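Undergrad: Here it is, the structure, as structure tokens.
Please treat every number below as a calculation from the coordinates, not as lab data. On a predicted model such as this, the values are computed, not experimentally measured, just so you know. Cβ atoms come from the backbone with ideal geometry, glycine included; neighbour counts cover every protein chain shown.
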Amino acid sequence: MEELDFFNEYAAALTDSSIQVNRNISTHNIYFKMKRLFDILFSVIGLIITLPVILIFSILIKLETTGPAFFFQERVGLNGRYFKVIKLRSMRIDAEKNGAQWAAKNDPRVTKVGSFIRKTRIDELPQLWNVLIGDMSLVGPRPERPMFTAKFNEEIPGFIKRLTVKPGLTGWAQINGGYEITPKKKLELDLYYINNVNFYLDLKIILKTIITCITGEGAR
């Protein structure tokens with residue numbers, strides 16, 4: 001299946017009244033400006049605080065397996081723009097030798113160190129850089145790979161409505177369903193967030209994410 005040409009098809013799709021997002025994003029200018037300032041402040045502080053953790057686990061990854069400690073992967077962001085997400089590598093370097101695969105529970109491709117950093121979300125910490133440079137926000141729908149976004153949008157028309165806000169380091173779908181929810185349920189949860197964006201909801205998601213990091217709930 002060919003990947004969607006998001007720069008064209010995305011814009012056309014949102015003109016389809018059957019998949020309109022029921023929200024008034026245009027009236028939230030102050031919210032989004034303040035959110036961007038918060039993203040910058042939080043990501044700078046977060047990178048300074050977590051840098052030792054990132055360095056320690058990058059060394060552990062290198063000691064356990066060959067290959068780079070960091071993993072760069074193309075994702076789809078706001079308005080269909082592609083960007084490279086940064087993560088600590090949690091799988092073997094040949095994890096996709098047979099093509100792109102959706103991560104599964106107890107995935108055998110995950111390394112020992114990888115299992116721990118996925119459970120605690122430490123593998124996501126480098127994405128604070130993505131937040132700082134504006135590819136992502138602290139809170140928003142998790143960004144998907146182009147091929148999976150195209151696939152899910154074919155199976156679930158309107159899936160690309162998730163692209164009407166910046167993708168996030170964490171999101172409403174993550175704290176309410178983790179990694180095991182279906183793409184359809186993920187869309188429902190993400191649309192709830194998009195239609196109800198506010199600082200209180202963002203704070204609630206951040207606090208719940210901290211609890212998830214401590215307990216490891218929802219990891220795979």
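Undergrad: Mind listing the long-range amide H neighbours of S137? Cut-off is under 5 Å, sequence gap 5 or more, other chains count too, H placed in the peptide plane at 1.01 Å from N.
TA: Placed amide hydrogens put G168, L169 under 5 Å from S137.
Undergrad: Peptides 122-130, 61-69, 134-142, 109-117: what's the order by average Cβ count within 10 Å, highest mean first?
TA: Sorting 122-130, 61-69, 134-142, 109-117 by mean packing, highest first, produces 134-142, 122-130, 109-117, 61-69.
Undergrad: State the Cα centre-to-centre distance between the stretch 55-95 and the stretch 160-197 in whole Å.
TA: Between the Cα centre of the stretch 55-95 and that of the stretch 160-197, the gap is 22 Å.
Undergrad: At 7 Å along Cα-to-Cβ for each site, give me the label-to-label distance between I48 and N196 in nm.
TA: 3.5
Undergrad: Normalising by the residue count of the stretch 132-189, find the relative contact order in percent from Cα pairs under 8 Å and 6+ residues apart.
TA: Normalised by residue count, the contact order of the stretch 132-189 is 44 percent.
Undergrad: Lysines near K151 by alpha-carbon distance under 19 Å, same-chain residues fewer than 8 away left out - which ones?
TA: Excluding near neighbours in sequence, the set is K161, K184, K185, K186.
Undergrad: Hey, what's the per residue convex hull volume over the C-alpha atoms of the stretch 130-200, in cubic angstrom?
TA: Output value, Cα hull per residue: 87 Å³.
Undergrad: Under a crude label model (7 Å from the Cα following the beta-carbon direction), how far is K208 from R109 in nanometres?
TA: Computed distance between label sites K208 and R109 equals 2.8 nm.
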